[in-house]
Structure formats: C-alpha cells, structure tokens
Amino acid sequence: MACTSADLALLIWHKSSYSNGSEGLCLEVATGLPGTVPVRDSKAPDGPALLVNATAWAPFIAAVAAGDLTL
C-alpha cells in the first residue's frame, strides 16, 4: 500500500501508554488504514512513519503486554 505524507497527516494518531518523555521513547500509532498500523516517533510527527501489517502488529502488542520484550 502506498501512502503519502498527506495521507498520514489526515490520520488520527494516538500516543502509546508506554511512551515517556524522560528517556526519549515516544511512539504513536494511527487508526484509519484498514489492515495497516502506521507507527511514528511522536517527537518527529512530520518525519517518516513505519507501516506495519495489522496481522504482524497484533502478536507484537501481545508480547509487549506480556512483558516478553525488553529495551
């Protein structure tokens, strides 16, 4: 799926509850692209976004919630 920066600017972005300002870990995800989860650095909203397939995103989120991933 091809997305332009204009397309991404129209999406509704949500800051992750795991984001924090003190360590520079600032992640946002957007809704509005069926089957795709756009991810970006909230400190650089005009920068690039990573487009992740929703079927790959779900197990990633489950692993984070379970504490299986560490920084």
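The values are calculated or read from the model by the stated rules, or taken from the named source; none is laboratory data. Since this is a predicted model, take the numbers as computed values, not measurements. All Cβ positions, even for glycine, are placed from backbone atoms using ideal geometry, and neighbour counts span all protein chains on display.
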>> Go through (1) surrounded by fewer than 11 Cβ atoms within 10 Å (Cβ to Cβ); (2) free of Cβ contacts under 8 Å to residues at least 24 places away in the same chain; (3) within 14 Å of Leu11 (Cα to Cα) for Ala66 and report which single condition fails.
In response: (3)
> So, of the residues in segment 30-41 that are within 12 Å of His14 (Cβ to Cβ) and either of a type outside the set (A, V, I, L, M, F, W, C) or at pLDDT below 90 (or both), which turns out to be surrounded by the most Cβ atoms within 10 Å (Cβ to Cβ)?
Replying inline: Arg40
> Is there any pair linking a residue in segment 39-63 that is under 12 Å from Val29 (Cβ atoms) and touching a residue at least 40 places away in the same chain (Cβ under 8 Å) to one that is surrounded by 11 or more Cβ atoms within 10 Å (Cβ to Cβ) and among the hydroxyl-bearing types (Ser, Thr, Tyr), with Cβ under 8 Å and at least six apart or on different chains, and which?
Replying inline: Leu51/Thr36
> at pLDDT below 90 and hydroxyl-bearing (Ser, Thr, Tyr) - does that describe any residue in segment 42-51?
Replying inline: yes
> Does any residue of segment 14-26 turn out to be at pLDDT 90 or above, surrounded by 10 or more Cβ atoms within 10 Å (Cβ to Cβ) and in contact with a Pro (Cβ under 8 Å, 6 or more places away or on another chain)?
Replying inline: no
